[in-house]
Amino acid sequence: MKISFPHMGHSHIAFKWLVENLGHECIVPPEPSKKTLDLGVRYSPEFACIPFKMLMGTYLEVAEQGAEVILTSGGCGPCRAGYYWVMHQYLLEEMGQDLKVIAFEPPLCDIKDFWKKLRWIRKTGGVSWKHFAQVMKITWEKIKAIDDVEIYSHEIRPYEIKKGDTTRALTRALDDLDKAEKIDQIMEARNAGIRRLDEVLCDKLRNPLKIGIIGEIYVVLEPAANHYLQIMLGEMGVQTHRSIYLSGYTRESAITNGGDAIYQIARPYLDEVCIGGHGVNSIGETILYSQHGFDGVVQLAPFSCIPEIVAKSIIPSVSRDFNIPVLTLFIDEQTGKAGVQTRLEAFVDLLEMRRQSNEKATRLVV
């Protein structure tokens, strides 16, 4: 069976290993490009959001490469993203594409359906349950290791002396993780990647601004959708931390109901958890970033995303009450890298002036 999946950050490294070691041929989705988006825009409803259009374009690209099955995620909330796979399947059939879309709903929503689809993947790959369990375990370790080195790269990048050194070190670390076949090899590659990032020539005397990144999961996790915003900010000398990584999201959505804590934090501003997507998270995480001493927050959202629109309408109150500036970027196919960079540069300048003003006021008080 030729299987593919959506491209989202660096997760394809782990998912490629998963598919191949379950006895299938993996069609690795290409990193979303202008061609991807053009295809998605051409064959998607006009008012669909950019994640829908990018996924549509990706599915058409892997179909050209011979993919027979798409594995993706579903959803059990009011956010329309949970129904994307249904619409994608319908549109693919309308275009005569012989491509089946299989969506995994969160296990906590429908455990029987989740296991039924896992059994199908195992059975069609011809592997035993013991082998299946081992492959899943190794895949999970890969996902965690990928996130670890990426998180560390965003801590190092604002200190780098030669622009691009951190990104090159990260690329080599990810290549090593791609080649790792066993858990001990994954840990060795992870640790080697951390050491390689530590070797990046840095100016530790810098005092970078700290910006948190919140918003809808796809535009936060897929750099091609947000124009490589985290790298852009890092190369401006800003230390970033994003609220969503695949390992953390999986723990909260598929293993535990970890979202309860963030809902409690957001409750004074939004006493309704069922608005879908990451709308409630965006409010709660803005509060957390303020409490952890961050200088500002960037909210990333697809144009027309209702959960993030709800969050945006509430965030000004949170920003005022917790004294933390928030920049909201709504993204669609018309959004260009230059426009994003200009807005980020202005926001960084504002935060820098704000910090200098606060430091001056503190000195005067003392």
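The values are calculated or read from the model by the stated rules, or taken from the named source; none is laboratory data. Quick caveat, the model's predicted, so the values are computed rather than measured. Here Cβ is always computed from backbone atoms with ideal geometry, including for glycine, and neighbour counts include all displayed protein chains.
Give me the helices (runs of 4 or more DSSP H) completely within region 70-184, filtered to those with at least 3 residues that are over 18 Å from the mean Cα position of the chain (by Cα) and among the β-branched types (Val, Ile, Thr), ordered by residue number. Walk me through how you get there before you give the answer.
On the way: elements: 84-94, 111-125, 129-156, 165-179.
Helices (runs of 4 or more DSSP H) meeting the threshold: 111-125, 129-156.
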ask   = Picking from 320, 363, 355, which residue would you name as being in a helix (DSSP H, G or I), closer than 24 Å to residue 261 by Cβ and more than 24 Å from the chain's Cα centre (by Cα)?
value = 320
query = Does at least one position in region 157-165 carry a residue that is of a type in the set (A, V, I, L, M), surrounded by 18 or more Cβ atoms within 10 Å (Cβ to Cβ), in contact (Cβ under 8 Å) with a residue 12 or more places away in the chain and not assigned by TED's automatic domain parsing to the domain that holds residue 344?
reply = no
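The rows are residues; the columns are (1) under 21 Å from residue 210 (Cα atoms); (2) under 19 Å from the mean Cα position of the chain (by Cα); (3) not basic (Lys, Arg).
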site	(1), (2), (3)
272	no, no, yes
279	no, yes, yes
295	yes, no, yes
327	yes, yes, yes
ask   = Taking the stated definitions as given, is residue 88 surrounded by 22 or more Cβ atoms within 10 Å (Cβ to Cβ), without any contact (Cβ under 8 Å) to a residue 40 or more places away in the chain and under 28 Å from residue 337 (Cα atoms)?
value = yes
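Check region 315-328 and report whether any residue there is aliphatic (A, V, I, L, M) and out of contact with any strand residue (DSSP E or B) (no Cβ under 8 Å at 6 or more places or on another chain).
Quick first cut of region 315-328, residues aliphatic (A, V, I, L, M) only: 315, 318, 324, 326-327.
Imposing the further condition that a residue be out of contact with any strand residue (DSSP E or B) (no Cβ under 8 Å at 6 or more places or on another chain) reduces the set to none.
No: region 315-328 contains no residue that is aliphatic (A, V, I, L, M) and out of contact with any strand residue (DSSP E or B) (no Cβ under 8 Å at 6 or more places or on another chain).
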task = Just give me the residues in region 289-310 being touching a residue at least 40 places away in the same chain (Cβ under 8 Å) and part of a helix (DSSP H, G or I), in sequence order.
result = 289, 306, 307, 308, 310
task = Find the residue count for region 319-340, including only residues that are touching a Gly at 6+ places or on another chain (Cβ under 9 Å), among the hydrophobic types (A, V, I, L, M, F, W, C) and either farther than 26 Å from residue 56 by Cα or surrounded by fewer than 16 Cβ atoms within 10 Å (Cβ to Cβ) (or both).
result = 3
query = Only one of (1) free of Cβ contacts under 8 Å to residues at least 24 places away in the same chain; (2) charged (D, E, K, R); (3) part of a helix (DSSP H, G or I); (4) more than 30 Å from residue 133 (Cβ to Cβ) is not met by residue 53, so which one is it?
reply = (1)
remark   = Given (1) touching a Phe, Trp or Tyr at 6+ places or on another chain (Cβ under 8 Å); (2) surrounded by fewer than 19 Cβ atoms within 10 Å (Cβ to Cβ); (3) modelled with pLDDT of 90 or more; (4) more than 30 Å from residue 356 (Cβ to Cβ), residue 291 misses just (4)
query = Going through region 311-366 one residue at a time, which ones are closer than 19 Å to residue 230 by Cα and aromatic (Phe, Trp, Tyr)?
reply = 330, 347
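Considering only residues that are closer than 30 Å to residue 134 by Cβ, assigned to a loop (DSSP other than H, G, I, E, B) and not hydrophobic (A, V, I, L, M, F, W, C), look in region 19-44 and name the one that is farthest from the chain's Cα centre (by Cα). Step through it out loud before you land on a result.
We begin by selecting, within region 19-44, every residue closer than 30 Å to residue 134 by Cβ; these are 19-31.
This time we only want the ones that are assigned to a loop (DSSP other than H, G, I, E, B), so: 22-24, 27-31.
After this cut, where a residue has to be not hydrophobic (A, V, I, L, M, F, W, C) as well, the list is 23-24, 29-31.
Numbers: 23: 27, 24: 26, 29: 16, 30: 16, 31: 14 Å.
Restricting to residues being closer than 30 Å to residue 134 by Cβ, assigned to a loop (DSSP other than H, G, I, E, B) and not hydrophobic (A, V, I, L, M, F, W, C), the top hit is 23.
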